[in-house]
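The values are calculated or read from the model by the stated rules, or taken from the named source; none is laboratory data. These numbers were taken from a predicted model, which means no experiment stands behind them. We place every Cβ from the backbone using ideal geometry, glycine too, and count neighbours over all the protein chains shown. Heavy atoms of the whole protein, side chains included, go into the accessibility calculation; ligands, DNA and RNA do not. Shrake-Rupley method; radii C 1.70, N 1.55, O 1.52, S 1.80 Å.
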Amino acid sequence: MESTITNPPRKGEFFQLQPDVRRGGKGHGVVFENEDALLTPPRLILLPKTGGFPVLRETPRLVYHPREGVLPEDLEGGMSGYWLVSERLRQVMEAVDPDAFAFADVDYRLVDGSKGPTYYLCDVVRTLDALDEEASTLDIEISDEFEAGKYYGLTGDVRLAFKREVLDSAHVFRLAFHGGVFCDRTFKDAMEAAGIVTPRKSNGLWFEDVVNC
């Protein structure tokens, strides 16, 4: 007897959210000037293994250097494990799903030393074991080499379904066995309604449908 999938993956419902690196070139030119002073050895990045923010001994100091790249968009990656997010992006994030995110103030300066637009370091701090493995199509790797003993490989033909009873009211989350960030249609629609994501410009946000085949 063939099994019936009661929770089939559906295109357009859930997305993996990442900084958009498709613009090419060097990327953004924001340099984390006092990163070394904030690290906790032997950790090589500021982000703790458990996520969120450690106690910061001083305010993160970020400076834009034109020779390093372009001005930052609303969402950028590569900041010692964190995202760099704009004031308007933070406002929408907190309006849609305030419990999903942690933020830290930064001292962001332009090359001439003047104060730049308001930005924050950001981490997605909600992790849920929400993947419906039976209903999904993906590569599930089981090995003691993985810290959690298991890893979700999301290359190739992937179709993900999520347990709605686990998600409950969550719109943005990480998965227990994958390092990425996922969101639902509500969060994506909010970004479009706010004008952060438009048909012509992503402003740094890349939404990849988790049903890609």
- line: Considering the range 65-79, residues that are of a type outside the set (D, E, K, R) and farther than 18 Å from Ala104 by Cα, and then whichever is most open to solvent (accessible area, probe 1.4 Å), we arrive at Leu71
- line: Log entry, pairs with first residue in the range 88-114 being within 15 Å of Ala190 (Cβ to Cβ) and assigned to a loop (DSSP other than H, G, I, E, B), second being of a type in the set (Lys, Arg) and modelled with pLDDT under 95, beta carbons closer than 8 Å, six or more apart or on different chains, reads none
query: What pairs can you find where one residue is in the range 142-160 and part of a strand (DSSP E or B), the other is open to solvent by less than 40 Å² (accessible area, probe 1.4 Å) and of a type in the set (S, T, N, Q), and their Cβ atoms are less than 7 Å apart, with a gap of 6+ or different chains?
result: Arg159/Ser136
message: For Tyr151, only one of the following conditions fails: (1) in contact with an Asp or Glu (Cβ under 7 Å, 6 or more places away or on another chain); (2) closer than 30 Å to Arg61 by Cβ; (3) aromatic (Phe, Trp, Tyr). What is its number?
response: (2)
task: Name the residue, out of Pro48, Pro9, that is in contact with a Lys or Arg (Cβ under 8 Å, 6 or more places away or on another chain) and either assigned to a loop (DSSP other than H, G, I, E, B) or among the hydrophobic types (A, V, I, L, M, F, W, C) (or both).
output: Pro9
query: Taking the stated definitions as given, is Arg10 open to solvent by 90 Å² or more (accessible area, probe 1.4 Å) and under 23 Å from Arg159 (Cα atoms)?
result: yes
task: Specify which of the listed residues (Arg174, Arg185) is surrounded by fewer than 19 Cβ atoms within 10 Å (Cβ to Cβ), modelled with pLDDT of 95 or more and touching a strand residue (DSSP E or B) at 6+ places or on another chain (Cβ under 8 Å).
output: Arg185
